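**Q** The structure that follows is given in the form of structure tokens.
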Amino acid sequence: MLALDGRVALITGAARGQGRAHALALAAAGADIVAADAPRPMDGLSYPLGTEDDLRDTTKRVEELGRRCVPIALDVRDADAVGEAVEQTVISMGSLDIVVANAGIFSHSLETHELDMQSWVDVTDVNLNGVFYTVKAAMPHVLRTGEGGSVILISSLAGTKGLASLAAYTAAKHGVVGLMKVLANEYGKYGVRVNTIHPNAIGTEMVQNETLYKIFRPDLEHPTLDDALPAFAGMNPFGIPFIDPVHVSNAVLFLASAESLYVSGAQLPVDAAAAIA
Ligand SMILES: NC(=O)c1ccc[n+]([C@@H]2O[C@H](COP(=O)([O-])OP(=O)(O)OC[C@H]3O[C@@H](n4cnc5c(N)ncnc54)[C@H](O)[C@@H]3O)[C@@H](O)[C@H]2O)c1
């Protein structure tokens, strides 16, 4: 059993989906959780974002595991708000040991010259700038414990491959890898490890919506999940369309725990081998 007793984790994008699964996994291992999510509305997304109600649900479920949970309504595009959330974390919980920069959005355009400017700005703002703001605010507190720590940046298959139709998303998710490598070099001397996780086709609202299905089934006007399943399954040699978030959480848990003491600077795929397919 990977133990996180007495540790405090900040997880962005924790209202639902993978972020919620990570909160529950880390709490089950003994960590107290700060769950941040519920951003300002963003025009142009093809699916809804997490809400304060979702955040309350995450909080309730963490508390049912016997751990403390502080929900924070936060937009990671707002560097000042991220700074305040981190301060609030440390005031409420006393320390900060684990950071999971998970908040992200998705958008696409068939070819890159068709991608609208706002979409580029929003995706890079959330998926790259937001990760930097989170790390910048968190690191002084993680270092202050003097006991090392773990910073986990959620990238993607798109942080490994040049996925067509996903220019902004792919650029941002590659950017996160560059940031991780710098951080792993800078903070190793303090015993802080920094890694990226590269999920693919995780069964959450981000990818289970009609717009995504249409990328795989442009021949249909209103494709359904069933219509898109074979195409999702074709992305990996396991032939599975979706991976349950808990499998990404297992990777987060390993990287958060002392069992990964000298694992740093790694890009860990949770993609059923899609990256090498
Ligand atoms: N689902 C997949 O197949 C997949 C694959 C690879 C990588 N990822 C990455 O995994 C992470 C989690 O995604 P998910 O699959 O759980 O999707 P999701 O949409 O269910 O969850 C993402 C969460 O991030 C929050 N968020 C978005 N923008 C935010 C902002 N500006 N400030 C604060 N919170 C914000 C959303 O409200 C949402 O709750 C993301 O970084 C995503 O890019 C997902």
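The values are calculated or read from the model by the stated rules, or taken from the named source; none is laboratory data. Fair warning: this is a prediction, and the values are worked out from it, not measured in the lab. Heads up, the Cβs are rebuilt from the backbone with ideal geometry, glycines too, and the neighbour counts pull from every protein chain shown. For accessibility, only protein heavy atoms count, side chains too; no ligands or nucleic acids. Shrake-Rupley method; radii C 1.70, N 1.55, O 1.52, S 1.80 Å.
**Q** Restricting the search to region 187-211, which residues are within 17 Å of G19 (Cβ to Cβ), in contact with a Leu (Cβ under 6 Å, 6 or more places away or on another chain) and hydroxyl-bearing (S, T, Y)?
**A** T196
**Q** Ok, one more. Determine which single condition A9 fails, assuming it passes every other condition in (1) surrounded by 18 or more Cβ atoms within 10 Å (Cβ to Cβ); (2) within 13 Å of the ligand (Cβ to nearest atom).
**A** (2)
**Q** From (1) out of contact with any helix residue (DSSP H, G or I) (no Cβ under 7 Å at 6 or more places or on another chain); (2) assigned to a loop (DSSP other than H, G, I, E, B), pick out the condition that doesn't hold for E87.
**A** (2)
**Q** Given (1) free of Cβ contacts under 8 Å to residues at least 40 places away in the same chain; (2) in contact with a helix residue (DSSP H, G or I) (Cβ under 6 Å, 6 or more places away or on another chain), where does V246 come up short, assuming only one miss?
**A** (1)
**Q** Another question, then. Among what's in region 205-245 and is outside any loop (DSSP other than H, G, I, E, B) and touching a Lys or Arg at 6+ places or on another chain (Cβ under 9 Å), pick the residue that is least open to solvent (accessible area, probe 1.4 Å). Show your work before the answer.
**A** Of region 205-245, the ones outside any loop (DSSP other than H, G, I, E, B) are 210-216, 225-233, 243, 245.
Next cut, touching a Lys or Arg at 6+ places or on another chain (Cβ under 9 Å) only: 227-228, 231, 245.
Numbers: D227: 48, A228: 0, A231: 33, P245: 20 Å².
Ranking the candidates gives A228 first.
**Q** Looking only at residues that are of a type in the set (K, R) and open to solvent by 50 Å² or more (accessible area, probe 1.4 Å) in region 156-195, which one is nearest to the ligand (Cβ to nearest atom)?
**A** Initial filter on region 156-195 (of a type in the set (K, R)): 161, 173, 181, 189, 193.
Add one more test, that the residue is open to solvent by 50 Å² or more (accessible area, probe 1.4 Å), and what stays is 161, 181, 189.
Working: K161: 11, K181: 18, K189: 28 Å.
Result: K161.
**Q** Which pairs do you get when a residue that is within 18 Å of I240 (Cβ to Cβ), found in region 251-273, comes within reach of a residue that is in a loop (DSSP other than H, G, I, E, B) and open to solvent by less than 30 Å² (accessible area, probe 1.4 Å), reach meaning Cβ atoms under 7 angstrom, with the pair 6+ apart or on two chains?
**A** Pairs found: D271/N200; D271/N236; A272/N236; A273/N236.
**Q** How many residues does region 92-134 hold that are part of a helix (DSSP H, G or I), open to solvent by 30 Å² or more (accessible area, probe 1.4 Å) and either touching a His at 6+ places or on another chain (Cβ under 8 Å) or within 16 Å of the ligand (Cβ to nearest atom) (or both)? Even if it seems obvious, please write down each step before you answer.
**A** Initially, region 92-134 is screened for residues part of a helix (DSSP H, G or I), giving 92-93, 112-114, 117-134.
Now narrow it down to the ones that are open to solvent by 30 Å² or more (accessible area, probe 1.4 Å): 92, 112-114, 117-118, 120-121, 125, 128-129, 132-133.
Now narrow it down to the ones that are either touching a His at 6+ places or on another chain (Cβ under 8 Å) or within 16 Å of the ligand (Cβ to nearest atom) (or both): 118, 120-121, 125, 128-129, 132-133.
Here the count works out to 8.
**Q** Could you please find all residues in region 37-55 being within 18 Å of T89 (Cβ to Cβ), more than 6 Å from the ligand (Cβ to nearest atom) and in contact (Cβ under 8 Å) with a residue 40 or more places away in the chain?
**A** Within region 37-55, L55 is the sole residue that qualifies.
**Q** Checking N250 against (1) polar (S, T, N, Q); (2) in a helix (DSSP H, G or I); (3) within 13 Å of the ligand (Cβ to nearest atom); (4) open to solvent by 60 Å² or more (accessible area, probe 1.4 Å), which single condition isn't satisfied?
**A** Against the list (1) polar (S, T, N, Q); (2) in a helix (DSSP H, G or I); (3) within 13 Å of the ligand (Cβ to nearest atom); (4) open to solvent by 60 Å² or more (accessible area, probe 1.4 Å), N250 comes up short only on (3).
**Q** Still on this structure, please answer the following. I need every pair where a residue in region 199-210 that is within 16 Å of L49 (Cβ to Cβ) and in contact (Cβ under 8 Å) with a residue 24 or more places away in the chain has its Cβ under 8 Å from the Cβ of a residue that is within 6 Å of the ligand (Cβ to nearest atom) and open to solvent by 40 Å² or more (accessible area, probe 1.4 Å), sequence separation at least 6 or different chains.
**A** What qualifies is T204/R16; E205/R16.
**Q** (1) free of Cβ contacts under 8 Å to residues at least 60 places away in the same chain; (2) within 12 Å of the ligand (Cβ to nearest atom): which one isn't true of T224, the others all being true?
**A** T224 satisfies all of (1) free of Cβ contacts under 8 Å to residues at least 60 places away in the same chain; (2) within 12 Å of the ligand (Cβ to nearest atom) except (2).
**Q** Residue check, G83 against (1) more than 15 Å from the ligand (Cβ to nearest atom); (2) under 19 Å from V151 (Cα atoms), all met but one. Which one?
**A** Of everything listed in (1) more than 15 Å from the ligand (Cβ to nearest atom); (2) under 19 Å from V151 (Cα atoms), G83 misses just condition (1).
**Q** Those residues that are surrounded by fewer than 15 Cβ atoms within 10 Å (Cβ to Cβ) and either in contact with a strand residue (DSSP E or B) (Cβ under 8 Å, 6 or more places away or on another chain) or part of a helix (DSSP H, G or I) (or both), I need them from region 267-277; list them, please. Don't jump to the end; show me each part of the working.
**A** Applying the first criterion (surrounded by fewer than 15 Cβ atoms within 10 Å (Cβ to Cβ)) to region 267-277 yields 273, 276-277.
Within region 267-277, just I276 meets the criteria.
**Q** Cβ-Cβ under 6 Å, sequence separation 6+ or interchain: first residue in region 61-77 and farther than 16 Å from V90 by Cα and without any contact (Cβ under 8 Å) to a residue 12 or more places away in the chain, partner more than 15 Å from the ligand (Cβ to nearest atom) and of a type in the set (G, A, S). Which pairs?
**A** Here the result reads none, with nothing in region 61-77 linked to a residue that is more than 15 Å from the ligand (Cβ to nearest atom) and of a type in the set (G, A, S).
**Q** Determine, yes or no, whether L2 is modelled with pLDDT under 95, over 14 Å from the mean Cα position of the chain (by Cα) and open to solvent by 10 Å² or more (accessible area, probe 1.4 Å).
**A** When the stated conditions are applied, L2 passes them.
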